[in-house]
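A.B. asks: Here you go, one structure.
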Amino acid sequence: MSKLLALPTLLLLLLASTAVDARVIKRMQHRRALFDVAAACKTTSYPLLCQSLPADSASLKDLTSTVVSAAADKAKEAQDEAAKLMAEPETSNTVSQSLGVCRANFDSAVDSLRGAAKNLKEAASHADLMSNLSAATAFVETCNDAFAERGLKSPVAKTTELLGKLVSNCLDLGSALQ
Ligand SMILES: *[C@@H]1O[C@H](CO)[C@@H](O)[C@H](O)[C@H]1NC(C)=O
């Protein structure tokens, strides 16, 4: 490249990179003004799971509502799964009995989580919110116990584990709301 061409090219490159920098900085400033979902999720027990859910929460309360609703949906799914497995002819009586415990407890977890979602929407008492979320945790654990106590392997272990993680994140976000 001739010296004559090199200088304008260099200038052009400099100008172009400055324009890009300005745009990037502007975008970063805009982001900073919004609620930082990643930072809030980092405080939870399962940050990646937390971040995988909300599209764009505007506040910690928004994010908590999203995660609580996701947990309520998952609890409903878990309940359906337990009911379906109970109805299968190859399910033994003992496993079926434990699944019955799970189904009932998942049902209660759905109620508690929906109660928590309602609480958030109506900005009700924070103590009640935490009590509803703690109750949901206990219901999920009771399903696991129903199998562990009898030395059985839970056929709903995967769903229960995911549900447990979602509820755990609900508690983390709920505590941060106070
Ligand atoms: C939520 O917690 C409050 C306070 O303990 C309780 O009165 C209420 O029944 C709970 N609601 C649900 C749906 O679990």
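A.B. asks: Whether any residue in region 139-149 is more than 23 Å from Ser45 (Cα to Cα), touching a residue at least 24 places away in the same chain (Cβ under 8 Å) and either among the hydrophobic types (A, V, I, L, M, F, W, C) or in contact with a helix residue (DSSP H, G or I) (Cβ under 7 Å, 6 or more places away or on another chain) (or both) is what I want to check.
C.D. replies: Taking region 139-149 and keeping what is more than 23 Å from Ser45 (Cα to Cα), we get 146-149.
Then drop every residue that is not touching a residue at least 24 places away in the same chain (Cβ under 8 Å), which leaves 146-147.
Cutting the leftovers down to either among the hydrophobic types (A, V, I, L, M, F, W, C) or in contact with a helix residue (DSSP H, G or I) (Cβ under 7 Å, 6 or more places away or on another chain) (or both) gives us 146-147.
Yes, region 139-149 contains a residue that is more than 23 Å from Ser45 (Cα to Cα), touching a residue at least 24 places away in the same chain (Cβ under 8 Å) and either among the hydrophobic types (A, V, I, L, M, F, W, C) or in contact with a helix residue (DSSP H, G or I) (Cβ under 7 Å, 6 or more places away or on another chain) (or both).
A.B. asks: I would also like to ask the following. Out of the residues in region 73-86 that are in contact (Cβ under 8 Å) with a residue 40 or more places away in the chain and small (Gly, Ala, Ser), state the one that is surrounded by the fewest Cβ atoms within 10 Å (Cβ to Cβ). Walk me through it before giving the result.
C.D. replies: Applying the first criterion (in contact (Cβ under 8 Å) with a residue 40 or more places away in the chain) to region 73-86 yields 74-75, 77-78, 81-82, 85.
If we keep only those that are small (Gly, Ala, Ser) as well, we get 75, 78, 82.
Details: Ala75: 28, Ala78: 25, Ala82: 27.
By that ranking, first place goes to Ala78.
A.B. asks: Inside region 139-168, can you point out the residues that are among the aliphatic types (A, V, I, L, M) and within 17 Å of Lys74 (Cβ to Cβ)?
C.D. replies: The answer is Val140, Val156, Ala157, Leu162, Leu163, Leu166, Val167.
A.B. asks: Considering Leu152, Leu162, Leu173, which residue is among the aliphatic types (A, V, I, L, M), surrounded by fewer than 20 Cβ atoms within 10 Å (Cβ to Cβ), more than 16 Å from the ligand (Cβ to nearest atom) and assigned to a helix (DSSP H, G or I)?
C.D. replies: On the way: Leu152 fails: assigned to a helix (DSSP H, G or I); Leu173 fails: surrounded by fewer than 20 Cβ atoms within 10 Å (Cβ to Cβ).
Going through Leu152, Leu162, Leu173 in turn, just one is among the aliphatic types (A, V, I, L, M), surrounded by fewer than 20 Cβ atoms within 10 Å (Cβ to Cβ), more than 16 Å from the ligand (Cβ to nearest atom) and assigned to a helix (DSSP H, G or I): Leu162.
A.B. asks: Something else: I'm trying to understand the selection: among the residues of region 87-112, which are within 16 Å of the ligand (Cβ to nearest atom) and either surrounded by fewer than 14 Cβ atoms within 10 Å (Cβ to Cβ) or hydroxyl-bearing (Ser, Thr, Tyr) (or both)?
C.D. replies: First pass over region 87-112, keeping only residues within 16 Å of the ligand (Cβ to nearest atom): 104-112.
Across region 87-112, the qualifying residues are Ser108, Ser112.
A.B. asks: Scan region 113-138 for residues that are free of Cβ contacts under 8 Å to residues at least 40 places away in the same chain, closer than 15 Å to Lys76 by Cα and more than 9 Å from the ligand (Cβ to nearest atom) and report the count.
C.D. replies: 1
A.B. asks: Within region 66-74, identify whether any single residue is under 19 Å from Gln178 (Cα atoms), of a type outside the set (A, V, I, L, M) and away from the ligand (no atom under 16 Å from the Cβ), and answer yes or no.
C.D. replies: Yes, region 66-74 contains at least one residue that is under 19 Å from Gln178 (Cα atoms), of a type outside the set (A, V, I, L, M) and away from the ligand (no atom under 16 Å from the Cβ).
We did not get these values from a lab; they are worked out from the coordinates using the rules stated. Quantities reported herein were computed from a predicted structural model and do not represent experimental measurements. Cβ: placed from backbone, ideal geometry, glycine included. Neighbour counts: every protein chain shown.
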